[in-house]
Amino acid sequence: MYKTILKIIAVLAAILLFLFCSYKIGQFIFGGSSGMNLSQSSVVKEIRELGRLETSSFTMEKIIEGGQKGNFFSNILYGDRILLIAHAEIIAGFDLKKLADKDVEVDDGKLTISLPAPEILVTKLDNEKTRVYDRKQGILSRDGKDLESKARAEAERAIRQDACAANILETASDNARKQLKALFATAGFDEVTVYIPQALCQ
């Protein structure tokens, strides 16, 4: 049930991202005029001006346990444990400022775009939903004020790994390819091909 809810949230987020990115790209492509200059230099300029194209978004929750752990007596005296419920959003997409002139080819109504590799653009904990579920400190333990910060950093790393395992970069590539093909076809190109290299998600 929980996994189903996460999948539904991910799908809804992807749809919202698609609509938003479509709107932004449409602004750049059409600019309020009747059409677009279909030259290679114009296409490169318009794509670069998008800056960052966000095409996949996951919302995830994870329980993180951290701190020192020992036997029963050491825990009573010096133990310091934390249980953190972390809630985060991970967004993947493309840094279109990396696009080079040679990555765009225009030939008699045919457009070929070679995008840079997809990447995770944002990993952000939701501070309102992320909370300490349990904290246990021994009677002689030092002030472990950094423990929660370390747990939060570990949560970001772990959630990022989960997003990679859920193929967030592949989803970002699929969505970007569909968006750019549809939008540039609407702009007037007869054929649009989008090449996207595979990337190591980490």
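The values are calculated or read from the model by the stated rules, or taken from the named source; none is laboratory data. For clarity, every value in this text was computed on a predicted model and none was experimentally measured. Ideal geometry is used to build each Cβ from the backbone, glycine not excepted, and the neighbour counts take in all protein chains shown. Heads up: the accessible areas ignore ligands, DNA and RNA and are worked out on the full protein's heavy atoms, side chains in. Shrake-Rupley method; radii C 1.70, N 1.55, O 1.52, S 1.80 Å.
Key figures
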| item | result |
| --- | --- |
| Residue 172 over 15 Å from residue 112 (Cβ atoms), in contact (Cβ under 8 Å) with a residue 40 or more places away in the chain and in contact with a Gly (Cβ under 8 Å, 6 or more places away or on another chain) | yes |
| Residues of region 43-82 classified as modelled with pLDDT of 85 or more, surrounded by fewer than 20 Cβ atoms within 10 Å (Cβ to Cβ) and among the hydroxyl-bearing types (Ser, Thr, Tyr), total | 1 |
| Cβ-Cβ under 7 Å pairs, at least 6 apart or on other chains, region 95-118 side in contact (Cβ under 8 Å) with a residue 60 or more places away in the chain and at positive phi, far side assigned to a loop (DSSP other than H, G, I, E, B) and not aliphatic (A, V, I, L, M) | 109/189; 109/190 |
| Residue identified as within 17 Å of the chain's Cα centre (by Cα), surrounded by 13 or more Cβ atoms within 10 Å (Cβ to Cβ), under 24 Å from residue 61 (Cα atoms) and among the hydroxyl-bearing types (Ser, Thr, Tyr) among 123, 130 | 123 |
| Complete set of residues in region 173-190 that are open to solvent by 20 Å² or more (accessible area, probe 1.4 Å), among the small types (Gly, Ala, Ser) and either in a loop (DSSP other than H, G, I, E, B) or in contact with a strand residue (DSSP E or B) (Cβ under 8 Å, 6 or more places away or on another chain) (or both) | 185, 188 |
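Matching residues to (1) open to solvent by 60 Å² or more (accessible area, probe 1.4 Å); (2) more than 24 Å from residue 46 (Cα to Cα):
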residue: 84; (1), (2): no, yes
residue: 89; (1), (2): yes, yes
residue: 108; (1), (2): yes, no
residue: 171; (1), (2): no, no
residue: 192; (1), (2): no, no
